[in-house]
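What follows is a short report on a single structure.
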Amino acid sequence: MFPAPMGVNVNQSSTPPLVCVTPVSQFPMGFGAGNLPAFGSFATCSTTTNGVSYTGTSANGPIDATPISAYKTRVGSLDGNQTSESGRKGRRGRPPGSGANSSNGKVKRPKPAYKNFVAGKELAFLPSTSDPRETVEAVHMTFEALRRRHLQVDETQDASRRADLKAGAIMMASNIRANSGKRVGAVPGVEIGDIFYFRMELCIIGLHAPSMGGIDYMTTKFENGEDSVAICIVSAGGYENEDDDTDVLVYSGQGGNSRNTEEKQDQKLERGNLALERSLHRQNVIRVVRGFKDPFCLTGKVYIYDGLYKIHESWKERTRSGINCFKYKLMREPGQRDGAAIWKMTQKWVENPDTRGRVLLADLSSNAEAVPVCLVNEVDHEKGPGQFTYINEVKYLKPLSSMKKLQGCGCQSVCLPGDASCSCGQHNGGDLPYSSSGLLSCRKPIVYECGDSCSCSTNCRNRVTQKGARLHFEVFRTTDRGWGLRCWDPIRAGSFICEYAGEVIDELKVNLDDSEDDYIFQTVCPGEKTLKWNFGPELIGEDSTYVSADEFEPLPIKISAKTMGNVSRFMNHSCSPNVFWQPVQYDHGDDRHPHIMFFALKHIPPMTELTYDYGVVGAESSGSGSRRTKNCISFYHPKFALFGITTKDDMTDAIRRRDECRPGSGEMDAVWGHNFSVGAGGRRMKTKASSRVANGKKASDAEPATSVSRAALLCTRELACLAPSGTPLAVACVCWGGSAGVT
């Protein structure tokens, strides 16, 4: 049968090999420091009888640790700044002058070939932002795009080296990574619960430097001297760890685990083991990444960042293999959001859906889907969404038999990568659009799958979306956006999620009311994050596939899910989406009316709300009532820093302070010129406006250069209550539940 769309290549080993990439300098302990600046600063530190005390930081923040540089060379950051580096000694190598290619006592190193492809352009696709979360996501998406493309190319050449290792080497050689300096404590831009499928992903975002070793450590300066402490560990099943408790982890030290029985020996108190022992004394926090079996691939793993722990106890015991092993008991720091606990909870639900509490309906789809769709409300007393007919396909205005036929391929059994005679491959630009595990390789104007007119079997890899959704969906009640959609399963970037099911409508013949607009899908420009999903082809010498918003061409198809639809009708809008739509054809040849399929924009942890960017409706389409009333879920944006809003709790407090403002307190001088996004949290109508808080005329009295709705002025005026005098209000506004908010 066709493999699950979120699996990894079943031919890959579950234990990645040791990888040493030294394209521009010699990195000790995996990859060490690199180019991107470290976000945040270390706190003040002092020693106590119990270890280290912290000043000026929370328990979850970084401690005062000054890394001891041990690099042979320093690598500049993307913005020209230098960052802290690892303290581990460099690898042993030939002495100067001993090599055949040496001269003047220096060893010549070959220049990386990747640099020639990106001369002066390697940073063009990275975001120009100071938000660490956006930087981490951009670097991560670049890695995933390179890995998928390499996998696609390698399949035609029968290459043996793993695509993730190639992608990691290219990014290291091109100086594209995040959080390059090692640090103790949380890593900026990496959130608890984030999931990964390759150890290389942990390296490029600065979460865990070693590409194979389970213990990351650094030599740091404390007030009473230098010490080597552990900063991150990966518990992935290579040793006899005890990780059933989500708040306690008994971690086994490294070493002595050779597969050759004759080479097995007791572990030694050195390197990572010594660093863990010193961390017990110093009581510094340690990042913990837990590894679990990938539910969609027998040999794959999913790595979950589970937050900060501290070592409370250590001892030595004999293992089942007969060696003496160091054991370290780590306990999770209180006050952190759940990470691995959510994973274990949802896996129990997958095994037995009856264990899920607060269920209103066990299967919203009434068996229309292969996997039941759970309906849950843990917020209020609402009994369910409005009545609609559940369908899992789109209903066209005319029967498929009367539509243009799609040319099929003549492949026997299955379509093969690199087969020039495969017409379906040629329709997709010469490459099959999906990997062997069913992941979409890159975003295209239209993806052509094999259909009924093709000779290949149903097991062909080019038949993905037509087989329907295979995920455990949950329609749930949100606190402020009505109903939303999330999933019990981890979803890998590029995985198929579902189709936008409903009725294709003809706006010229149908009168649409406001409630109808609430469930209309249009192929309007989806936003920068979606447009840039094919990150970095320049890094491997290929032409850029980026399509700007000005170049984007919408399709005429419009689908209404008001009276009939599937789970896609519950997906809310977000300016920072984790899902994108992709036109797909397989049962007819009318490219103006393709199927609209949703794919994962990035790795999505279980129980994360699924959202996509509804796009921006311009003036040319605003007359058709093209808007959505579901509100944006983006609670964090770099511009919120103007108001000190960095979390959902900050947003709640900001709304409270705004509501306490008296009329007239938000007086300001309107200085028009910045973009506002005005609407009902869904389809957003662009307009021009900006304001500066001052003691002048009210914004409502000002005359903007372009038409601005009353909601925009209200939003601008009320946001003034949150900002100090003189603060520019270059923020995007939406009408949020009848009152102004920011998104």
Hey, if we sort Asp518, Asp245 by accessible area with the 1.4 Å probe, largest down, what's the order?
Asp245, Asp518
Amide N of segment 570-588 lying under 19 Å from the label point, which is placed 7 angstrom from the Cα of Gln407 along Cα→Cβ:
584-588
Charge dipole (debye, nearest 20) of segment 143-291; +1 at Cβ of Lys and Arg, -1 at Cβ of Asp and Glu:
680 debye
In Å², and per residue, what accessible area does segment 259-379 have when probed at 1.4 Å with the other protein chains present?
51 Å²
Using packing as a proxy for protection, rank 355-368, 205-218 so that the peptide with the highest average count of other Cβ atoms within 10 Å comes first.
205-218, 355-368
In segment 261-404, if the dipole is taken from +1 on Lys/Arg beta carbons and -1 on Asp/Glu beta carbons about the Cα centre, which of Val288, Gly339, Gly357 is farthest to the positive end?
Val288
Segment 550-603 - percent of accessible surface contributed by carbon and sulfur, probe 1.4 Å
45 percent
Which FRET efficiency value, to the nearest 0.05, is calculated for His281 and Val350 with the Förster distance at 30 angstrom and r the Cβ-Cβ distance?
0.10
On the accessible surface of segment 125-277, probed at 1.4 Å with all protein chains in place, carbon and sulfur together account for a percent value of 42 percent
Cross-link pairs beyond the 25 Å C-alpha cut-off, checked among Lys293/Lys329; Lys398/Lys602; Lys344/Lys562; Lys398/Lys467; Lys444/Lys529; Lys264/Lys316
Lys398/Lys602; Lys344/Lys562
With every protein chain kept in place and a 1.4 Å probe, the residues Lys182, Lys529 fall, from largest accessible area down, as Lys529, Lys182
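The values are calculated or read from the model by the stated rules, or taken from the named source; none is laboratory data. Predicted, not measured: the structure shown is a model, and the values here were computed from it. Using ideal geometry, Cβ is built from the backbone for each residue, glycine included, and neighbour counts are taken over all protein chains shown. Note: accessible area is taken over every heavy atom of the protein model, side chains too, but ligands, DNA and RNA are not part of it. Shrake-Rupley method; radii C 1.70, N 1.55, O 1.52, S 1.80 Å.
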